[in-house]
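Chemist: Just passing along the structure, written as structure tokens.
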Amino acid sequence: MTIPLALDLATLPVALTGSGPALLKRLTLLDAEQVPNLHIYAPEPDEEVETAAGPRLIPRLPTEAEIARYRILFVAGLPPAGSEHLAALARTHRVLVNVEDTLPLCDFHVPAILRRGELAISISTGGGSPTLSRRLREHLAALFPEVWAERISRIAGMREEMRREGANMGEVAEKTDAVIDGEGWLRP
């Protein structure tokens with residue numbers, strides 16, 4: 001059983017290790033999410049990885065002591081034996097690990113994410129079909145256009161102001177519902 005969680009990776013030390021297109025794909029995702037404490041290990045980086053990683057690149061696999069300092073480890077594009085070894089080291093040190101496309105080695109998986117400002121809609125098939133997750137994200141993107149970023153910002157500001165003025169959560173929820181319904185945000 002999986003439970004969707006939202007982790008603030010800005011507060012956690014994160015490592016990414018691997019090689020080739022799989023590493024680059026994961027790096028692109030993590031950079032899009034603006035993960036600030038990301039360290040990238042690649043034993044044989046190609047030019048694309050070197051360029052994308054920049055000064056964060058460490059041209060080798062992480063040591064056990066280095067893995068122990070992280071809270072999250074992403075592994076992508078390594079041979080199965082190397083992935084298994086790194087996953088075992090991570091688990092020994094209670095580091096959450098995700099090995100791309102190898103569910104038995106994953107403590108978590110990464111859902112497809114649709115972002116509209118602070119609105120994040122995640123779509124997961126429990127790792128069963130990343131393609132379906134991607135297609136659902138594309139479908140939902142049409143239902144939740146970019147205007148949702150401004151809506152979320154506005155409603156968050158309204159909520160913050162109401163809380164400052166002493167409104168209780170019920171009053172905030174009532175006003176929020178009134179805005180959503182009054183402006184037809186959820187009308188088909």
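Chemist: For region 1-27, which residues satisfy the criterion of being open to solvent by 60 Å² or more (accessible area, probe 1.4 Å) and either outside any helix (DSSP H, G or I) or farther than 20 Å from L96 by Cα (or both)?
Modeler: M1, T2, I3, P4, L5, A6, L7, D8, P21
Chemist: Could you identify the single residue in R159, R154, R164 that is of a type outside the set (F, W, Y), open to solvent by 50 Å² or more (accessible area, probe 1.4 Å), in contact with a Ser or Thr (Cβ under 8 Å, 6 or more places away or on another chain) and modelled with pLDDT of 95 or more?
Modeler: R159
Chemist: Now for a different question. Looking only at residues in region 112-151 that are part of a helix (DSSP H, G or I) and of a type in the set (G, A, S), which one is farthest from G184 (Cα to Cα)?
Modeler: That would be S133.
Chemist: Going through region 68-78 one residue at a time, which ones are part of a helix (DSSP H, G or I) and either under 13 Å from S19 (Cβ atoms) or open to solvent by 60 Å² or more (accessible area, probe 1.4 Å) (or both)?
Modeler: Of everything in region 68-78, just one residue is part of a helix (DSSP H, G or I) and either under 13 Å from S19 (Cβ atoms) or open to solvent by 60 Å² or more (accessible area, probe 1.4 Å) (or both), namely R69.
Chemist: Could I ask something else about it? D101 versus (1) farther than 17 Å from A22 by Cα; (2) assigned to a loop (DSSP other than H, G, I, E, B); (3) open to solvent by 60 Å² or more (accessible area, probe 1.4 Å); (4) not hydroxyl-bearing (S, T, Y): which is the lone unmet condition?
Modeler: All conditions are met except number (1).
Chemist: Let me ask something else. Look at region 51-67 and say how many of its residues are open to solvent by 50 Å² or more (accessible area, probe 1.4 Å) and either outside any helix (DSSP H, G or I) or more than 14 Å from P13 (Cα to Cα) (or both).
Modeler: Number satisfying all stated conditions: 7.
Chemist: Quick one: S83 ticks every box in (1) modelled with pLDDT of 95 or more; (2) open to solvent by 30 Å² or more (accessible area, probe 1.4 Å); (3) hydroxyl-bearing (S, T, Y); (4) in contact with a helix residue (DSSP H, G or I) (Cβ under 8 Å, 6 or more places away or on another chain) except a single one, so which number is it?
Modeler: Going through the list (1) modelled with pLDDT of 95 or more; (2) open to solvent by 30 Å² or more (accessible area, probe 1.4 Å); (3) hydroxyl-bearing (S, T, Y); (4) in contact with a helix residue (DSSP H, G or I) (Cβ under 8 Å, 6 or more places away or on another chain), S83 breaks only (2).
Chemist: Restricting the search to region 30-50, which residues are surrounded by 15 or more Cβ atoms within 10 Å (Cβ to Cβ), under 19 Å from the mean Cα position of the chain (by Cα) and of a type in the set (A, V, I, L, M)?
Modeler: Selection gives L30, V35, L38, I40.
The values are calculated or read from the model by the stated rules, or taken from the named source; none is laboratory data. In this text, all values refer to a predicted model and were calculated from it rather than measured experimentally. Please note: Cβ atoms are built from the backbone with ideal geometry, for glycine as well, and neighbour counts cover all protein chains shown. Ligands, DNA and RNA are stripped out before the accessible areas are found, and what is left, the full protein with its side chains, is counted by its heavy atoms. Shrake-Rupley method; radii C 1.70, N 1.55, O 1.52, S 1.80 Å.
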